[in-house]
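Right, one structure below, let's go through it.
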Amino acid sequence: MRKAFAAVFFSLLFALTAAADPCPGTVILQNQFAAPNSNWDTSASTNSKAALQNGQYVVSFLTMNTARNVLYQGDVYGDINLCVTISTPATDKPLDQVAGLIFWATDYNSYYALMINPISGQWEVTHLAGSRWLMPSPYQASTAIKTGVGTSNVVQVQMRGTTATIFINGTQVGTVSGTAPTGGGQVGFYAQSASTVASTWQFSDFSLSKP
């Protein structure tokens, strides 16, 4: 009985530890959202509010069919690995909604975003160029995405020069070519509310590493 209990205990401990593993490489930033951090925008707007709570950056929408993006203000980066775990509360309704990572950002008017939809099991990479949305990698299905409300997906963007390689839950799902900002770009999060109900997104285990 004791051996069985010990086996279950260490299995759970290993699973919890693995879930918090940082990006592969030499870690240069790891944020568990355990304390206030002025580099992350937690201001409220008429459409959404954000908070650092329970080790997560939580975006709670107040209205339907809207979006929120937030750029990390601590530094700019060149060739890095960028990772985060994205989840929704188990109490959310199973409606189409997307969230993801922002990378190669110059500012809020120019950035790339890897987005996943945990309901449809699809991902895409979009590029905001001024007032235009471009699609370097349109929506496509991947079995690497864990589907359903309450699920968690680990997403990673590996940036090397003008190529970004996309990983979901450790599986490479695609690559995109783009333009990295001269001198380094900002990174951050993108979240979108469903069209018929206000949504909530949770980001955790955020980390950056150099190859």
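The values are calculated or read from the model by the stated rules, or taken from the named source; none is laboratory data. Nothing here was measured: the structure is a model prediction, and the numbers come from that model. Methodologically, a virtual Cβ is constructed for each residue, glycine included, from the backbone with ideal geometry; neighbour enumeration extends over all protein chains shown. In case anyone asks, the SASA skips ligands and DNA or RNA and just uses the protein heavy atoms, side chains included. Shrake-Rupley method; radii C 1.70, N 1.55, O 1.52, S 1.80 Å.
Please count how many residues of region 105-117 are open to solvent by 70 Å² or more (accessible area, probe 1.4 Å) and in a strand (DSSP E or B). So the count comes out to 1.
When region 48-57 is limited to residues that are without any contact (Cβ under 8 Å) to a residue 40 or more places away in the chain and more than 17 Å from residue 188 (Cβ to Cβ), the one that is surrounded by the most Cβ atoms within 10 Å (Cβ to Cβ) turns out to be 53. Just one residue in the set 132, 160 is under 16 Å from residue 82 (Cβ atoms) and basic (Lys, Arg); that residue is 160.
Of the residues making up region 118-141, those that are open to solvent by less than 50 Å² (accessible area, probe 1.4 Å) and out of contact with any Asp or Glu (no Cβ under 8 Å at 6 or more places or on another chain) number 10. Of the strands (runs of 3 or more DSSP E) contained entirely in region 171-211, those carrying at least 2 residues that are open to solvent by less than 20 Å² (accessible area, probe 1.4 Å) and among the aliphatic types (A, V, I, L, M) fall at 186-192. Checked against the criteria, residue 144 counts as among the aliphatic types (A, V, I, L, M), open to solvent by less than 40 Å² (accessible area, probe 1.4 Å) and in a loop (DSSP other than H, G, I, E, B). Residues that are at pLDDT 95 or above, among the polar types (S, T, N, Q) and assigned to a strand (DSSP E or B) do not occur anywhere in region 31-43.
Comparison of 188, 183 shows that the only residue that is touching a Leu at 6+ places or on another chain (Cβ under 8 Å) and of a type outside the set (A, V, I, L, M) is 188. Test residue 79 against the criterion of being open to solvent by 10 Å² or more (accessible area, probe 1.4 Å), within 21 Å of residue 25 (Cβ to Cβ) and not aromatic (Phe, Trp, Tyr), and give yes or no. Answer is yes for this residue.
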